[in-house]
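The values are calculated or read from the model by the stated rules, or taken from the named source; none is laboratory data. Everything numeric here is computed off the predicted structure, so don't read it as measured data. When we count neighbours, we look across all protein chains shown, and the Cβ atoms used for this are built from the backbone with ideal geometry, even at glycine.
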Amino acid sequence: MISNNRILFIFFALFLFWSCKKEEDDKIYLDSTKIIRISDAISVDNGFHIHDPNLNLKTYDAFLRYLSSSNHFKIVTQKEFSSATSNDKVIISFRYDIDDNINAAIKFAYLEKKYGIKSTYYILHSAGYYGVTKLNYFKRNDKIIKYLQKIQNDFGHEIGLHNDLVTLQIVYNIDSRKYLKDELDWMRANGINVYGAVAHGRDYCYQYHYVNSYFWNHTKGSSEGLFYNWEYVPIYGEYKKIEKDDLSSYNLDYDGDQFITDYRFADANRENGKMWYMGKVNFDTIQPGKKVIILLHPQHWD
């Protein structure tokens, strides 16, 4: 005779099976490419689920289609942004901060390639997909280079660095200058061209009142506001002096946080608890010659 506990276990197992099957059945593919090959051993499922009616790959795809079919816009990478000008078009540059989901970024890069759009993907060196970062310890995930090569070489986008360098030094006690040189050398030796960086904002920044752009000598802090620790950070019972350096020391051309824009939109901006999305702006009304940066985090859309 089957016990009640065994019956419940079988019922629960069947429930989980059919729930997972339904989720797979509900997965959406925007075209016939269901698998994106990263290498012989690595692939990314190109499907997605709609978790938010505004932030999803279907609405993102529609926005890319709209931009690419209009003569009103000129789309450039972040490297090109400062020097880009136009008398008859709005200049738009996409900035993607890949905080914790490299697969979502691959899907973004694939869709943009389909529409002939080139943008910039900033790799977060302290993210789990890049490696393991702990106190006095870092180990890179060497397989990440395959993803970067796919984004740059196959899809035609720019790769940048998502700078978490002050966190690296202050919180993890890792030599940020040596680390940056080593990682850029490794990426460039593997054919990845890195021209610029943008700062990552994380919980430690708010806890210890700094921003990662304080790594750069050209970034001047202030004793006012939330991020007032721009020279020294009190942590673990001591005051740590922030290591600083220049872009030129690493053959970097730009700090994207210093760009001058007419409009800067970001999905991280919230209104009444809701994240920003492209439907909140009528891009057709932006005047030619204006410069726009759209900052998105792919993991919010997948």
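The table for this structure:
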quantity	calculated
Within the stretch 170-192, tally of residues that are closer than 14 Å to Trp216 by Cβ, crowded, with 21+ Cβ neighbours inside 10 Å and either β-branched (Val, Ile, Thr) or touching an Asp or Glu at 6+ places or on another chain (Cβ under 7 Å) (or both)	1
Residues located in the stretch 242-270, provided they are part of a loop (DSSP other than H, G, I, E, B), under 24 Å from the mean Cα position of the chain (by Cα) and not acidic (Asp, Glu)	Lys244, Asn251, Leu252, Phe259, Ile260, Thr261, Ala268, Asn269
Residue match in the stretch 135-147 (condition: touching a strand residue (DSSP E or B) at 6+ places or on another chain (Cβ under 8 Å), within 21 Å of Phe81 (Cα to Cα) and charged (D, E, K, R))	no
Test result for Lys241, free of Cβ contacts under 8 Å to residues at least 12 places away in the same chain, in contact with a strand residue (DSSP E or B) (Cβ under 7 Å, 6 or more places away or on another chain) and basic (Lys, Arg)	yes
The stretch 128-163, residues that are of a type in the set (Ser, Thr, Tyr) and either more than 16 Å from the chain's Cα centre (by Cα) or surrounded by fewer than 12 Cβ atoms within 10 Å (Cβ to Cβ) (or both)	Thr133, Tyr137
All positions within the stretch 80-94 that are in contact (Cβ under 8 Å) with a residue 40 or more places away in the chain and not in a strand (DSSP E or B)	Phe81, Ser82, Ala84, Thr85, Ser86, Asn87, Asp88, Lys89
Selected residue (criterion: nearest to Lys244 (Cα to Cα)) from residues of the stretch 203-227 that are of a type in the set (D, E, K, R) and modelled with pLDDT under 95	Lys220
Residue count, the stretch 164-180 (criterion: under 21 Å from the mean Cα position of the chain (by Cα) and either at positive phi or not aromatic (Phe, Trp, Tyr) (or both))	7
Among the candidates Tyr239, Tyr195, Tyr228, residue that is more than 20 Å from Ile159 (Cα to Cα), among the hydroxyl-bearing types (Ser, Thr, Tyr) and not in a loop (DSSP other than H, G, I, E, B)	Tyr239
Strands (runs of 3 or more DSSP E) lying entirely in the stretch 95-187 (those with 3 or more residues that are in contact (Cβ under 8 Å) with a residue 12 or more places away in the chain, more than 22 Å from Val211 (Cβ to Cβ) and charged (D, E, K, R))	none
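Residue-by-condition table, conditions (1) closer than 26 Å to Gly116 by Cβ; (2) at pLDDT 95 or above; (3) among the hydroxyl-bearing types (Ser, Thr, Tyr):
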{"site": "Ile144", "(1), (2), (3)": "no, yes, no"}
{"site": "Tyr147", "(1), (2), (3)": "yes, yes, yes"}
{"site": "His162", "(1), (2), (3)": "yes, yes, no"}
{"site": "Leu168", "(1), (2), (3)": "no, yes, no"}
{"site": "Asn193", "(1), (2), (3)": "yes, yes, no"}
